[in-house]
Structure formats: structure tokens, C-alpha cells
Amino acid sequence: MPGRVEGKVAFITGAGRGQGRSHAVRLAAEGADIIAIDICHDVEGALPMSTPADLAETVKLVESLDRRIIATQADVRDFDGIKAAVDAGVEELGRLDIVLANAGIASAGGPVETMAPDGWKNTIDINLTGLWHTARAAVPHLIAGGRGGSIVLTGSVAALQGSANMSAYVSAKHGVLGLMRTLALELGQQRIRVNSVLPTNVNTPMFMNEGAFKLFRPDLENPGPDDVAAVAAQFMHVLPVGWVEPEDISNAILFLVSDEARYITGVALPVDAGALIK
Ligand SMILES: NC(=O)c1ccc[n+]([C@@H]2O[C@H](COP(=O)([O-])OP(=O)(O)OC[C@H]3O[C@@H](n4cnc5c(N)ncnc54)[C@H](O)[C@@H]3O)[C@@H](O)[C@H]2O)c1
């Protein structure tokens with residue numbers, strides 16, 4: 001039986017680990033070839049990023065599914081680098097159908113009155129401008145293909161909710177929805193659909209770390225995942241879980257980019273265990 005994205009090519013940013021890797025593997029399992037990029041080195045003021053070995057592992061996993069993958073180390077802040085990577089990938093794989101603008105950093109930052117201005121700039125540059133760069137580099141290929149296409153910009157529950165001490169992250173994610181809706185309007189007549197997913201806490205290095213645990217449990221000296229799960233499951237979520245798995249986000253994205261969602265565009269789909277109705 002053909003896969004749900006058989007014969008298509010997907011460009012994925014932040015594919016070195018976490019959700020981006022999961023999306024690459026899920027789409028490859030459903031028949032897509034992959035153009036992957038990741039920064040693969042640390043960013044000032046953010047948690048440790050992926051490494052070249054992480055991206056190599058993504059390559060191995062996709063190839064083990066008998067799909068092709070062109071992986072490049074590139075920074076979404078660098079438009080020329082992103083464009084070169086996607087251009088080379090399309091040249092090699094012959095087409096582009098799907099774009100997943102997933103790369104991002106978490107930045108707590110603290111209250112606005114004490115936050116470092118560079119922290120604001122860095123987060124906006126990666127989590128918002130980086131997605132614009134991704135779209136700017138990839139959309140001409142979708143249009144040139146003449147077969148329509150599908151773009152998913154990764155948001156967060158923070159795209160619809162404020163969150164104290166996270167002004168830059170929240171503002172960037174709110175901006176992602178503005179970009180998503182604008183692109184959906186601009187590209188609809190070419191049958192290019194543009195949507196967002198809004199994850200709650202996801203079991204990736206961005207969430208599974210001491211800094212994030214302390215945001216949830218400032219009352220504890222050394223909080224761990226179980227301490228977070230206890231409060232998130234009861235107070236943050238409707239469903240009794242502390243976080244979701246990267247595959248849960250990949251499954252939602254697979255639906256959005258597949259033909260099953262052919263008339264869905266301009267939508268922000270929460271994968272949030274009910275967080276946004278609380
Ligand atoms: N983990 C969560 O709880 C959570 C919740 C809601 C939304 N999100 C969003 O999901 C997306 C994926 O995050 P994740 O959970 O997989 O985290 P992650 O930290 O595991 O993965 C992020 C990836 O993006 C890469 N990256 C970061 N900056 C980059 C840059 N400038 N250029 C290229 N690559 C870069 C990193 O190296 C890393 O591989 C992000 O947009 C994040 O904001 C995450």
C-alpha cells in the first residue's frame with residue numbers, strides 16, 4: 001500500500017533531534033524523501049542545541065527506511081545558507097512538496113524589566129524570522145513545481161496564551177500564527193496550504209531539562225520529571241499527562257500535509273492534551 005506522502009519531498013528545519021527528527025522519520029516511513037537542516041551547534045543564551053552526530057543519526061534513521069535524505073548544517077537566521085541548502089536538496093531530489101518550519105529555541109529570559117535585549121533579539125531572530133526565511137527560501141520551489149504543497153509552521157500553546165517571564169518566546173509564537181495566516185492567503189490559489197501545530201510540553205531536550213522543570217516547580221529545589229508531571233497533568237492539561245511525545249506532533253503534521261487534509265488551510269491545530277481550553 002502506498003504511504004500517505006509517497007513520492008513527495010519534505011524540507012524540515014531543526015531535524016537533528018526532537019520533533020524535527022521525529023517528523024523526518026514519520027514522513028519517510030510514509031514514503032517521503034527529506035531535505036533536513038539543523039544548526040548543530042550551540043546558540044548563545046539557549047540550551048545546548050543538537051550536534052553533527054545528532055543530525056547524522058537522523059540521516060541513518062531515514063535511510064534505514066529506504067528513503068533519501070540530504071542533510072545540511074545551516075542556521076535559520078542565515079537566509080543565504082537556508083536557501084543554498086533547500087536549492088541543493090531540490091536539485092538532488094527533484095521536487096519539493098512539504099515544508100516543516102520547526103526549528104526553534106526555548107528562552108525563559110525572565111521579566112521584561114530585567115531581560116537582556118540580546119535575549120529578545122535572538123529568540124525573535126530564530127523563532128520568527130527563521131520561519132520567514134524558511135518560507136522565503138522554500139515557497140518559490142513549491143510554486144515552480146505547480147503541484148500545490150503544504151507548509152506547517154510549528155507554534156506552541158504559547159502562540160495563543162501569554163506566559164509570564166517568556167515575552168520573547170510568546171511574542172515570536174504569536175507572530176508565527178500571523179505569518180501562517182498570511183502565507184495561507186498568499187498561496188491558496190496555487191493550492192499550497194499553510195497551517196500550524198500548537199504543541200504543549202513535548203518530551204524533547206527543549207522541555208526535559210532542569211530549567212524547564214524549575215519553571216513548573218519553583219517551589220522545589222531540585223525538581224525532576226515526576227514533579228512536573230504531577231502538576232502539569234492536573235493543572236495544565238485536561239488529559240492526565242504531563243507532556244506528549246514527539247510522535248504525537250508528527251502524527252498531527254502527517255495528517256495536515258497529507259491529501260486527507262486537502263481542504264484544510266489557515267488552521268492552528270493544538271496538540272495540547274486540552275491545555276488551551278483551561
Ligand atoms: N518541547 C516542547 O515542550 C515544545 C512545546 C511547544 C512548542 N515547541 C516547539 O517545537 C519546535 C521543536 O522543538 P523541540 O521540542 O524538538 O526542541 P529541541 O530543542 O529538541 O529541537 C530543536 C531543534 O532545532 C534546532 N535549532 C535551534 N536553533 C536553530 C537554528 N537557528 N537554525 C537551525 N536549527 C536550529 C536545534 O539544534 C534542535 O535540533 C520548536 O519550534 C519549539 O519552539 C516545543
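Can you tell me the length gained on complete extension of the stretch Glu63 to Asp80, counting 0.36 nm per residue apart and subtracting the Cα distance? Spell out each step's value before the answer.
Values: separation 17, 0.36 × 17 = 6.12 nm, distance 2.71 nm.
Stretched out fully, the Glu63 to Asp80 stretch lengthens by 3.4 nm.
Using only side-chain charges placed at the Cβ, +1 for Lys and Arg and -1 for Asp and Glu, the dipole size of the chain relative to its Cα centre rounds to 880 debye. For the stretch 130-272, averaging the sequence separation of C-alpha pairs within contact (under 8 Å, six or more residues apart) and dividing by the residue count gives a relative contact order of 28 percent.
Shape of the stretch 214-278 from its Cα gyration tensor (a ≥ b ≥ c, root eigenvalues): rounded if a/c is under 1.5, otherwise prolate when a/b > b/c, or oblate? Taking the square roots of the gyration eigenvalues as a ≥ b ≥ c, the stretch 214-278 is prolate. Extension gain, Phe235 to Ala56: 0.36 nm times the residue separation minus the Cα-Cα distance gives 60.6 nm.
Phi-derived couplings, Karplus 6.51 cos²θ - 1.76 cosθ + 1.60 at θ = phi - 60°, listed residue by residue for the stretch 32-39: 8, 8, 10, 10, 10, 10, 7, 5 Hz, with x used for Gly and Pro. The listed peptides 264-274, 180-190, 23-33, ordered by packing as a protection proxy, come out as 23-33, 264-274, 180-190 (highest mean of other Cβ atoms within 10 Å first).
Mind giving me the FRET efficiency for Arg95 and Lys121? R0 is 30 Å, r the Cβ-Cβ distance, nearest 0.05 is fine.
Values: r = 36 Å, r/R0 = 1.19.
In this case the efficiency is close to 0.25.
Once C-alpha pairs closer than 8 Å and six or more residues apart are averaged by separation and normalised to the residue number of the chain, the relative contact order reads 18 percent. With R₀ fixed at 30 Å, the C-beta to C-beta distance from Asp219 to Thr114 puts the FRET efficiency at about 0.90. Distance between the modelled labels on Met1 and Ile143, one decimal in nanometres: 3.8 nm (7 Å Cα→Cβ projection). The relative contact order of the stretch 1-130, computed from alpha carbon pairs under 8 Å that lie at least 6 residues apart in sequence, is 28 percent.
Which of Thr13, Thr129, Thr51 comes first, and how do the rest follow, when ranked by fewest Cβ neighbours within 10 Å? Don't skip to the end; give the middle numbers.
Details: Thr13 31, Thr129 18, Thr51 15.
The most exposed by this proxy come first: Thr51, Thr129, Thr13.
Using a simple charge model, +1 on the beta-carbon of Lys and Arg, -1 on the beta-carbon of Asp and Glu, nothing else, what dipole does the stretch 31-177 show about its Cα centre, in debye to the nearest 20? It would help to have the intermediate numbers written out before the result.
Details: 10 positive and 18 negative charges, 103 e Å.
Its charge dipole is roughly 500 debye.
The count of lysine pairs in the chain whose Cα atoms are under 25 Å apart, excluding pairs fewer than 8 places apart on the same chain, comes to 10.
For the stretch 219-278 and the stretch 155-215, what is the separation of their C-alpha centers, rounded to whole Å? Measuring centre to centre over Cα atoms gives 12 Å. In the chain, the DSSP beta bridges split such that about 0 percent are antiparallel, to the nearest 5. Ranking His41, Val202, Gly148 by Cα position along the charge dipole of the chain, where only Lys, Arg, Asp and Glu carry charges on their C-beta atoms, puts Gly148 farthest toward the positive end.
Bear in mind that the values in this text are calculations on the coordinates, not laboratory data. Note that the structure is a prediction, hence the values are computed from the model and not measured. Note that we place each Cβ from the backbone using ideal geometry, even for glycine, and neighbour counts take in every protein chain shown.
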